[in-house]
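Here is the structure we will look at, set down as structure tokens.
The values are calculated or read from the model by the stated rules, or taken from the named source; none is laboratory data. Remember, it's a predicted structure, so these values are computed and weren't measured experimentally. We place every Cβ from the backbone using ideal geometry, glycine too, and count neighbours over all the protein chains shown.
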Amino acid sequence: MKISILFITYNHSRFVAEAIRSVIDQDYPDIELVVCDDGSTDCTVEVIEKELADCPSHISVIRFYSEQNHGLLKNFNRGFAACSGEIIVVMSGDDISSPSRVSRVSKEFAADPECMLVCSNFLRIDDGGRALGVKEKHSRDTVYSHAHGLKHVYAHAPVCGATAAYRITLRELFPPMQTGRHAEDNCFWFRALLVGNIHYLGDPLVSWRTHGNNQFNWTPDNVDAEDARIRHLRFLRTHQCMRHQWTRDLGHAVNTGLITHDMQDRLLRLARLNQEYYRLKRFSITPMPWKLWLASASRILRLNDSLLMMRKSLSRISRNHLPLRLSARRRNAYLQNYFRTET
């Protein structure tokens, strides 16, 4: 089975040498490396070329070096379209893959034809490579699907694009992502569950680097309080915008016979519910006027399809959102702890 590694970079000169070496050190015999640099203004490309000078023969290399920055989604779409492997392993230029990552991922896909996406636990590291902790609460190998009911857009699977690998089937069945404010990984988690399942590996196969230049993967130590607030509001808006991409994917899936109209309707409701929870969280920590907050909370309650789910939503709002809206102390503590690393 041929594996493509989609290697996404932008201004990663401090980290990219170690990241490329972790590709070269993979213990898998048939790898295609697709390097997509999105117009870096530092010496990222020069460092990549220096490391690739020692690239072994079993790794073929395809290069896309942009002169201008086009944004993550366009850069991702370009590289994704160029991959020819049966499996596409995604990697960022500031992260490190364990030597067995590709071989572990390939075994998961080979064992289950219904598996469309494999992700894993990760070790979070700082900009100097110091270990900050592993997500121990997700330490078991697990399979996620909608087979037992549509209760959550991701079937409660943990989402982390830094650890993702996709079956090429997802590229064949769905069009390229539309550009926008949404993230790329959420899109593929949603698509994978429309046509198959997601395998999660409890072992940390990726060292995910947290530093101040990251869009989302940062800690309170990287940024000051105001920067943390701005970044987290951007994070919430990004996830709030995912519904537009999901709606497009659901329409495509229905038109091509991948899902039924009933499944489309139920997932559209879950997508609206997901969007509204992110909106309410944003309204809670800003804080926005009570009129907007109450309207958002009311929409969440109306979107539930049973009395039991409505009660759960009311409990969630009362426990997680209302205290943030009422207390500045709770808002500050929330922002400080949101990206806290485990020890």
| Matching residues, region 323-336, being farther than 17 Å from L236 by Cα and either modelled with pLDDT of 90 or more or not in a helix (DSSP H, G or I) (or both) | P323, L326, S327
| said: Quick check on this structure: which one of A192, A110 is in a helix (DSSP H, G or I) and exposed (fewer than 14 other Cβ atoms within 10 Å of the Cβ)? | reply: A110
| Can you tell me how many residues in region 252-286 are outside any helix (DSSP H, G or I) and farther than 23 Å from M116 by Cβ? | 1
| What is the residue count in region 287-312 for residues that are of a type in the set (S, T, Y) and either part of a helix (DSSP H, G or I) or surrounded by 16 or more Cβ atoms within 10 Å (Cβ to Cβ) (or both)? | 2
| said: Among the listed residues A192, A131, identify the single one that is of a type in the set (G, A, S) and at pLDDT below 95. | reply: A131
| task | Run M1 past the list (1) under 21 Å from D127 (Cα atoms); (2) outside any helix (DSSP H, G or I); (3) hydrophobic (A, V, I, L, M, F, W, C) and report the number of the one that doesn't hold. | result | (1)
| remark: In the set M116, M91, the lone residue that is within 23 Å of F7 (Cβ to Cβ) and in contact with a Gly (Cβ under 7 Å, 6 or more places away or on another chain) is M116
| task | Restrict the check to region 60-76 and report whether at least one residue is out of contact with any strand residue (DSSP E or B) (no Cβ under 9 Å at 6 or more places or on another chain), outside any loop (DSSP other than H, G, I, E, B) and closer than 23 Å to E184 by Cα. | result | yes
| request: Taking only region 9-26 into account, find how many residues are crowded, with 18+ Cβ neighbours inside 10 Å and aliphatic (A, V, I, L, M). | output: 4
